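Student: One structure, pasted below without further comment.
The values are calculated or read from the model by the stated rules, or taken from the named source; none is laboratory data. These figures come from a predicted structure and were not determined experimentally. Every residue, glycine among them, receives a Cβ derived from its backbone with ideal geometry; neighbour counts consider all protein chains shown. Just the protein is used for accessible areas: all its heavy atoms, side chains included, with ligands, DNA and RNA removed. Shrake-Rupley method; radii C 1.70, N 1.55, O 1.52, S 1.80 Å.
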Amino acid sequence: MDQHQPHIVSYTRLIGIWLALLVLTALTVAITRVELGGYKVVGALAVACAKAGLVIAVFMHMKYEGVLLRWLLFLAFVTLAVFIGFTFFDVLYR
Amino acid sequence: MSDMQQAATSFWNDTGKTGLTSWIFSTDHKRIGLLYFYTTIGFFLVGVVLGLLLRIELMAPGRTIMGPQTYNALFTVHGVVMIFLFIIPGIPGAFGNMVMPIQIGARDVSFPRLNLLSWWLYIIGAVIILTSLFSGGGAPDTGWTFYVPFSSRTGTNVSLAVFGVFIVGFSSILTGVNFVTTIHRLRAEGMTWFRLPLFTWSLYATAWVQILATPILAITLVLVMAERVLGTGLFDPTRGGDPVMYQHLFWIYSHPAVYIMILPAMGIVSDIIPVFSRKPIFGYKMIAFSSLAIAAAGSLVWGHHMFTSGMSDTAVVVFSFLTFIVAIPSAIKVFNWISTLYKGSISLEAPMLFALSFILLFSIGGLSGLILGAAATDVHVHDTHFVVGHFHYVMFGGTGFAIFAAMHYWLPKFYGRRYREKPAIIAWGLMFTGFNVLYFTMQVLGMRGMPRRYYDYLPEFGPLNLVATVGSWILAAGLILMLVNLFRGLFWGEPFVGNPWGGATLEWSVATPPPTENFEGEPVATHGPYDFSGVKK
Ligand code: HEM
Ligand SMILES: [Cu+2]
């Protein structure tokens, strides 16, 4: 907890991120309307990752945390990505 | 030094607090460990009674003591209790808590209060699961796997049971977080990573699986609840959902979960075998790394439960291949244990007998697992009693017997009294015999085509089923003898002083029973965990 000073994120910043999240949500909806076949899922997942990344980096303050915590979180994400990725051996080849 | 004598004061009394609240609100890792021990073993006994009832029903063809609905509920509750309330929390919660901090030279775990919270979450989850049996539509009848579409439609109380399991999952995650932090941060001076006892190594690998895989179970169970309560249709093909996706989600957690069950058991065995062979463990680093390898590779094989589910052929091939890969680190361990025994000066006391039977029974379970892991053969034995035999060999013959080994090996340390050797060995003999009669017969029945999860079967399976049921009684008789002998010994038996087993890990260097703070002064690790040169029995 040593490098823990309070980080006040400015309102403009927070609102900016919020707007970005809304735009990305709209993008998710838009993707479902386009004919992309199996790639639809890839697109939706990519947008979801971008959104989660913003929330974690700014709202959850991961941007200001130490290297260790970031690595641990990264490990969790890689695990999740691998798990989701492996289900594609099934979904894409049915 | 008082270390080697029976301690006049110990964690049982040295804080001056002895009432019930001094236990259920204690943050001492040893007390929490014992809380976990008694609660998990209590649920084990509940599960055993249910298992025996299932076996009585199967004793003869036709209805014996219960109808199909009761049978379905009983095998579900048996499975849920054994998996979520006994075997997953069993070793980390009980023996991990009791022994691991002392093994690394720490006074407690990193987050003692979180530790207490995780026991409480376990209890709350257990109470919710038990409530689900007697409320709403009655005990769930889906099997412990809660497969959709049945679990989203059945009128039984699946939602509440699933919610209880959800809570128990958090308890497991918290234990994992606590153990990873403790092993990283609280090792004593000189306790390098390669001086860690292998039990601690196995808990470390397990903890990572608990942290990374359990959230997926939690989410899956929330989706089942959403499906039932809100009708989301996520798993319903008529509404664009995918029922096979449920099986993916469930097994993404539940296959790694079998490593949460077996890895710490392998750790126990790795600690006991060298002590009773008076030889350093063979291939220490290989055993330590194979735990990590099992944890990593074992997380990528879940599809082997789904070969007949309609999953794509590509996935079948990939998951079948990966399953065979996991056999390698498991076999590394088995060969290393055997090599440790070679030319050792072996003494066959109860902990060692249970540890040795672990090796045999786990190997039978593991090898029968390859029959299930090979996509071609699995099609024939999927959902038969072969599977039931297989996983009891691994979970009961493996983890269960390792827990019995740990009970005889470590509990005397914490009670300062010991069990009697002869009845323990007779009990072991009964259990070992009954176990094989029961479960080997099940495997034969499965090979011949008897399906699992049915209360009735074709008449030609009658004789072997009778044999299996008689086996379950022999097993139960051994179990009763073992528990009576063990607990009589712990409460009223001969004193257990000093280091009778001659262990070289740190827990054998502290007073018996250990004081609340574990060590007098700061411990320093000066030798490896299996260096017996300076150890006096
Ligand atoms: C005396 C001890 C035991 C007996 C007699 C016993 C017996 C049985 C029987 C008869 C079944 C159901 C077979 C079927 O119709 O499908 C079963 C299922 C099961 N048992 Fe046991 N068992 C015992 C101990 C254990 C232990 C120690 C564990 C785990 C640690 C365990 C875990 C399970 C699981 C997960 C199932 C599957 C439930 C399901 O199908 O959903 N059992 N057992
Ligand atoms: Cu599996």
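Student: Could you state the angle between the C-alpha long axis of helix B:401-415 and the longest principal axis of the C-alpha atoms of chain B, as a value from 0 to 90 degrees rounded to the nearest 10?
Tutor: Result, in degrees: 30.
Student: Tell me which lysines have Cα within less than 17 Å of A:Lys63's Cα, excluding those fewer than 8 residues away on the same chain?
Tutor: Partners found: A:Lys51.
Student: Another one. I'd like the Karplus ³J(HN,Hα) series for region B:327-342: coefficients 6.51, -1.76, 1.60, θ = phi - 60°, whole numbers in Hz, and an x wherever there's a Gly or Pro.
Tutor: Working through the residues one at a time gives 4, 5, x, 5, 5, 3, 4, 4, 5, 5, 5, 4, 5, 5, 5, 4 Hz.
Student: Relative to the first principal axis of the alpha-carbon coordinates of chain A, what is the inclination of helix A:11-33, with its axis defined by its Cα atoms, in degrees from 0 to 90 and to the nearest 10?
Tutor: 10
Student: Another question about this same structure. Taking all protein chains in place and a 1.4 Å probe, what share, in percent, of the accessible surface of region B:20-508 do carbon and sulfur account for?
Tutor: Working: 11920 of 16490 Å².
Its accessible area is 72 percent carbon and sulfur atoms.
Student: What FRET efficiency do you get for B:Thr314 and B:Trp492 if R0 is 51 Å and r is their Cβ-Cβ distance, rounded to the nearest 0.05?
Tutor: Details: r = 62 Å, r/R0 = 1.21.
Computed FRET efficiency for B:Thr314 and B:Trp492: 0.25.
Student: Magnitude of the Cβ-charge dipole of region B:20-508, K/R +1 and D/E -1, about the Cα centre, nearest 20 debye?
Tutor: Details: 26 positive and 18 negative charges, 230 e Å.
The calculated dipole for region B:20-508 is roughly 1100 debye.
Student: Please report the spacing between the Cα centers of region B:414-476 and region B:208-254 in Å, no decimals.
Tutor: If you average the Cα positions of each part, the centres end up 34 Å apart.
Student: What does the highest-first list of A:26-36, B:363-373 look like by mean Cβ count within 10 Å? Please list the in-between numbers first.
Tutor: Values: A:26-36: 11.4, B:363-373: 19.4.
Final packing ranking: B:363-373, A:26-36.
Student: Taking H placed 1.01 Å from N in the peptide plane, check which residues at least 5 places from B:Thr384 or on another chain put their amide H under 5 Å from its amide H.
Tutor: B:Arg452
Student: Quick one: which residues, 5+ away or cross-chain, put their amide H under 5 Å from the amide H of B:Arg417? H built at 1.01 Å from N.
Tutor: It is B:Phe496, by chain and number.
Student: With a 1.4 Å probe, how much accessible area is buried between chains B and A, both sides summed, in Å² to the nearest hundred? Intermediate values should be presented prior to the final figure.
Tutor: Values: alone 19990 and 7470 Å², together 26100 Å².
By this definition, chains B and A bury close to 1400 Å².
Student: Of B:Ser132, A:Gly16, B:Trp337, which is farthest towards the positive pole of the protein assembly as shown's charge dipole, taken about the Cα centre with +1 and -1 on the beta-carbons of Lys, Arg and Asp, Glu respectively?
Tutor: B:Trp337
Student: Under the rule of -39500 (n - 2.57) per DSSP H run of 4 or more residues, summed and divided by the residues of chain B, what mean residue ellipticity at 222 nm is obtained, to the nearest 500 deg cm²/dmol? It would help to have the intermediate numbers written out before the result.
Tutor: Values: 17 runs with 330 residues, N = 537.
Calculated mean residue ellipticity at 222 nm is -21000 deg cm²/dmol.
Student: With just the Cα atoms defining each centre, how far is region A:16-47 from region B:135-181? Give it in Å.
Tutor: Comparing the Cα centres of region A:16-47 and region B:135-181, I get a distance of 32 Å.
Student: So, one more: How large is ³J(HN,Hα), in whole Hz, for each residue of region B:108-122 in order, when computed from phi with the Karplus curve 6.51 cos²θ - 1.76 cosθ + 1.60 and θ = phi - 60°, using x for Gly and Pro?
Tutor: In residue order, the calculated couplings are 6, 6, 5, 10, x, 6, 4, 4, 5, 4, 5, 5, 5, 4, 4 Hz.
Student: Then there is this: Please list, in chain and number order, the residues 5+ apart from B:Thr232 or on another chain whose amide H is under 5 Å from its amide H, with Hs placed from the backbone.
Tutor: For B:Thr232, whose amide H was placed from the backbone, the distant partners under 5 Å are B:Glu227.
Student: Right, another one. Per residue, how many Å² of accessible area does chain B show with a 1.4 Å probe? Mind dumping the intermediate values first?
Tutor: Values: 19330 Å² over 537 residues.
I get 36 Å² per residue for this part.
Student: List the lysines whose Cα sits under 23 Å from the Cα of B:Lys279, skipping any in the same chain fewer than 8 residues away.
Tutor: B:Lys279 reaches B:Lys333, B:Lys343, B:Lys413, B:Lys536, B:Lys537.
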